[in-house]
1. Does G110 qualify as being loosely packed, with under 14 Cβ neighbours inside 10 Å and under 30 Å from R156 (Cβ atoms)?
2. Taking region 296-310, which residues are among the charged types (D, E, K, R) and assigned to a loop (DSSP other than H, G, I, E, B)?
3. Could you tell me whether A267 is under 30 Å from K375 (Cα atoms) and of a type in the set (G, A, S)?
4. Of the residues T154, T236, which is farther than 23 Å from V290 by Cβ and either loosely packed, with under 13 Cβ neighbours inside 10 Å or modelled with pLDDT under 90 (or both)?
5. For region 91-101: of the residues being surrounded by fewer than 12 Cβ atoms within 10 Å (Cβ to Cβ) and of a type outside the set (K, R), which is nearest to Y76 (Cα to Cα)?
6. Is it true that some residue in region 316-328 is surrounded by fewer than 17 Cβ atoms within 10 Å (Cβ to Cβ), farther than 24 Å from A182 by Cα, out of contact with any strand residue (DSSP E or B) (no Cβ under 8 Å at 6 or more places or on another chain) and of a type outside the set (D, E)?
7. Under 31 Å from the mean Cα position of the chain (by Cα), modelled with pLDDT of 90 or more and not charged (D, E, K, R): is that true of L202 in this structure?
Amino acid sequence: MAKWGPSSRLPSLVSCDSLVVQGLRCEGGAGVLNLVLSLSLSHTSRWTFNMAPHGNELSEDLKKRIVALHKDGLGYKKIAKTLKLSCSTVARSIQRFNRTGSTQNRPRCGRPRKLCARAQRHIQRMALGNRRMSAASIAAEVEGVGGQPVSAQTIRRTLHQIGLQGCRPRRKPLLKMMHKKARKRFAADKQTKDMDFWNHVLWSDETKINLFGSDGVKCVWRQPGEEYKDKCVLPTVKYGGGNVMVWGCMSAAGTGELQFIEGTMNANMYCDILKQSMIPSLWRLGRRAVFQHDNDPKHTSKMTTALLKKLRVKVMDWPSMSPDLNPIEHLWGILKRKVEVRKVSNIHQLRDVIMEEWKRIPVATCEALVNSMPKRVKAVLENNGGHTKY
């Protein structure tokens with residue numbers, strides 16, 4: 001229902017003579033109509049029509065409390081003051097209850113639901129049973145069972161109502177049962193370790209850094225019709241534009257040595273990297289230092305094992321398929337984002353920028369990543385050896 005705005009106050013008296021002066025006539029049964037039209041035309045700057053505001057619908061619990069207080073003998077004003085509601089809202093709720101005997105709203109007009117509660121439960125079971133099943137496939141199966149045509153959008157709307165959203169799946173390593181058991185054993189063994197232990201661990205890993213573009217998913221903000229604008233496309237080049245492979249290490253004390261890998265790395269090359277880059281970084285951590293690397297065949301070869309034993313390096317037992325337990329994985333992500341911002345154009349510049357940004361990484365960043373190890377171990381135990389958010 002429309003009401004007059006605060007700036008639309010009527011004049012106290014408006015005579016027909018004043019209307020005649022303005023070129024309007026007030027005669028017969030149309031006098032009131034002419035009066036309203038004249039005021040709306042001559043006072044346009046002062047007349048506004050505001051729609052009555054609509055508040056949120058009261059919950060069933062609140063309606064029942066209103067009725068219960070009224071039955072206890074409280075009046076409208078006291079109920080409104082107690083529940084911080086308006087008197088009109090309290091009155092309507094009580095009057096509706098006296099009329100219908102219930103606090104629930106009467107059935108409203110509108111198109112009835114196409115899917116009954118049983119069909120909605122069936123859709124939910126299918127979506128939870130096969131998380132990769134598309135809405136169109138679910139709609140086809142529902143139509144095949146019940147014979148009632150259902151659109152894919154109806155399926156999506158139904159799944160949204162029960163809290164299921166279509167999302168891009170996280171990319172994680174394939175974990176078999178033996179991997180989960182090994183991860184769980186590792187977490188159970190390390191859950192009692194304090195930060196002094198983790199601060200003496202030298203973390204290591206290899207990664208690839210692209211010259212042009214990124215292996216990750218990129219998003220852009222664009223308007224309709226801007227799909228092919230230069231700022232809204234991800235440029236690619238033939239053969240990938242080149243990349244470099246690097247080996248690096250880090251600890252809570254900061255980044256260690258960084259070594260570029262030429263060609264395909266084998267056990268001989270890895271042993272050279274350990275002697276040239278790993279040992280100096282490990283010595284900085286003192287006699288209690290522990291070296292970490294994954295179970296890559298080059299890392300577990302007889303040659304590598306013999307070298308580490310000869311150098312008296314204490315190596316941490318590491319579960320396979322566990323990049324989420326290695327904090328250097330997050331450090332690679334930080335490094336790649338910093339390198340990508342620099343917009344390098346060739347391999348030589350890429351090498352220089354990588355080394356420069358690697359040395360710029362603050363110690364606080366490495367320390368924060370290592371400090372997350374107790375939480376990572378706890379997450380593995382809570383997920384029974386499964387995937388974690390790290």
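The values are calculated or read from the model by the stated rules, or taken from the named source; none is laboratory data. Here the structure is a predicted model, which is why all the values come from computation and not from measurement. Because the Cβ atoms are built from the backbone with ideal geometry, glycine has one as well, and the counts that use them run over all protein chains shown.
1. So G110 fits the description; yes.
2. Within region 296-310, D296, K298 meet the criteria.
3. So A267 does not fit the description; no.
4. Every option except T236 fails the conditions.
5. Q95
6. Checking region 316-328: not a single residue is surrounded by fewer than 17 Cβ atoms within 10 Å (Cβ to Cβ), farther than 24 Å from A182 by Cα, out of contact with any strand residue (DSSP E or B) (no Cβ under 8 Å at 6 or more places or on another chain) and of a type outside the set (D, E).
7. no
Yes/no matrix, rows are residues, columns are (1) at pLDDT 85 or above; (2) over 22 Å from the mean Cα position of the chain (by Cα):
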position	(1), (2)
M126	yes, yes
M133	yes, no
V145	no, yes
M177	yes, yes
